[in-house]
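To start, the structure itself, in structure tokens.
The values are calculated or read from the model by the stated rules, or taken from the named source; none is laboratory data. Predicted model only: the values in this text are computed from it and were never measured. Neighbour counts are summed over all protein chains in view; Cβ atoms, including those assigned to glycine, are modelled from backbone coordinates with ideal geometry. For the accessible areas, the whole protein counts, side chains as well, though only heavy atoms, and no ligand, DNA or RNA atoms are used. Shrake-Rupley method; radii C 1.70, N 1.55, O 1.52, S 1.80 Å.
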Amino acid sequence: CGLLVVKATTATGWLCKSNNVEQSRFTDLQIPLQEPSVFNLVIKSKSHFLGAVSDTPHNRKLLENFSCTPPQTALVIPLQVKGRLVSILYIQDSLELLEKQFTELQNAARKTEMAFALLILKNKILST
């Protein structure tokens, strides 16, 4: 799975594990959100995506971090704080497993949003 940070119109890789191995070069990944990718679908729909990751140049760049090529099945969840997109959670597995664990993964995403909100609040408090 991978976690990307959203700044302006770009999603930048932050943390990634593939086969229980941290992928250090994931931080080099930058995907423009206005160009065709699985992340662009999430931005346009303002909702999660569950399905096959199509074969686009940016999706291929993403999947290189998982040592695979399209199509792959993934769940992509936008993470928001106060209605603003701050991060994107990317989880790749079989459709059957992702569907089975969907509720748990959604709950984990909501908790991650709360953690981001708390970190932002903490930084505001410390900066005053």
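Name the one entry in 120, 125 that is open to solvent by 90 Å² or more (accessible area, probe 1.4 Å), more than 14 Å from residue 42 (Cβ to Cβ) and of a type in the set (A, V, I, L, M).
On the way: 120 fails: open to solvent by 90 Å² or more (accessible area, probe 1.4 Å).
Selected residue: 125, the only one of 120, 125 that is open to solvent by 90 Å² or more (accessible area, probe 1.4 Å), more than 14 Å from residue 42 (Cβ to Cβ) and of a type in the set (A, V, I, L, M).
Assuming residue 35 fulfils every condition listed in (1) part of a loop (DSSP other than H, G, I, E, B); (2) at positive phi apart from one, which condition is it?
Answer for residue 35: the failing condition is (2).
So which pairs qualify, if the first residue must be in the range 64-78 and within 20 Å of residue 6 (Cβ to Cβ) and of a type in the set (Gly, Ala, Ser), the second must be assigned to a strand (DSSP E or B) and at pLDDT 90 or above, the Cβ gap must be under 7 Å, and the two must be at least 6 apart or on different chains?
74/53; 74/90; 74/91; 74/92
With 38, 6, 81 as the choices, which residue is touching a residue at least 60 places away in the same chain (Cβ under 8 Å) and open to solvent by less than 40 Å² (accessible area, probe 1.4 Å)? Let's see the steps before the verdict.
Values: 38 fails: touching a residue at least 60 places away in the same chain (Cβ under 8 Å); 81 fails: touching a residue at least 60 places away in the same chain (Cβ under 8 Å).
Going through 38, 6, 81 in turn, just one is touching a residue at least 60 places away in the same chain (Cβ under 8 Å) and open to solvent by less than 40 Å² (accessible area, probe 1.4 Å): 6.
Search the range 94-107 for residues being surrounded by fewer than 16 Cβ atoms within 10 Å (Cβ to Cβ) and in contact with a strand residue (DSSP E or B) (Cβ under 8 Å, 6 or more places away or on another chain), and hand back the single one that is nearest to residue 43 (Cα to Cα). It would help to see each step written out before you state the result.
Start the filter on the range 94-107 by keeping residues that are surrounded by fewer than 16 Cβ atoms within 10 Å (Cβ to Cβ), which leaves 94-97, 99-104, 106-107.
Imposing the further condition that a residue be in contact with a strand residue (DSSP E or B) (Cβ under 8 Å, 6 or more places away or on another chain) reduces the set to 94-95, 99, 102, 106.
On the way: 94: 23, 95: 21, 99: 21, 102: 19, 106: 17 Å.
Going through the qualifying residues, I end up with 106.
Report the residue count in the range 20-45 for those that are among the charged types (D, E, K, R) and under 19 Å from residue 3 (Cβ atoms). Can you show your working first?
First, the residues of the range 20-45 that are among the charged types (D, E, K, R): 22, 25, 28, 35, 44.
With under 19 Å from residue 3 (Cβ atoms) added as a condition, the list becomes 22, 25, 28.
Looking only at that region, the number is 3.
What is the one condition in (1) assigned to a helix (DSSP H, G or I); (2) closer than 14 Å to residue 1 by Cα; (3) within 11 Å of the chain's Cα centre (by Cα) that residue 97 does not satisfy?
(3)
Which of the numbered conditions does residue 91 fail, given that it passes all the others? Conditions: (1) closer than 9 Å to residue 75 by Cβ; (2) loosely packed, with under 11 Cβ neighbours inside 10 Å.
Here residue 91 clears every test but (2).
From the residues in the range 48-62 that are among the aliphatic types (A, V, I, L, M) and either open to solvent by 50 Å² or more (accessible area, probe 1.4 Å) or without any contact (Cβ under 8 Å) to a residue 12 or more places away in the chain (or both), which one is farthest from residue 112 (Cα to Cα)?
Of the range 48-62, the ones among the aliphatic types (A, V, I, L, M) are 50, 52-53, 62.
In the following step, the residues that additionally are either open to solvent by 50 Å² or more (accessible area, probe 1.4 Å) or without any contact (Cβ under 8 Å) to a residue 12 or more places away in the chain (or both) were identified as 50, 52.
On the way: 50: 19, 52: 24 Å.
Among those that are among the aliphatic types (A, V, I, L, M) and either open to solvent by 50 Å² or more (accessible area, probe 1.4 Å) or without any contact (Cβ under 8 Å) to a residue 12 or more places away in the chain (or both), it is 52.
Condition test on residue 87, is it polar (S, T, N, Q), in a loop (DSSP other than H, G, I, E, B) and within 18 Å of residue 15 (Cβ to Cβ)? Before you say what the answer is, go through the steps one by one.
Working: polar (S, T, N, Q): yes; in a loop (DSSP other than H, G, I, E, B): no; within 18 Å of residue 15 (Cβ to Cβ): yes.
Spelling it out, it is not the case that residue 87 is polar (S, T, N, Q), in a loop (DSSP other than H, G, I, E, B) and within 18 Å of residue 15 (Cβ to Cβ).
Restricting the search to the range 20-33, which residues are at pLDDT 95 or above and open to solvent by 20 Å² or more (accessible area, probe 1.4 Å)?
Looking only at the range 20-33, we keep the residues that are at pLDDT 95 or above, and these are 26-33.
The answer is 27, 28, 30, 32.
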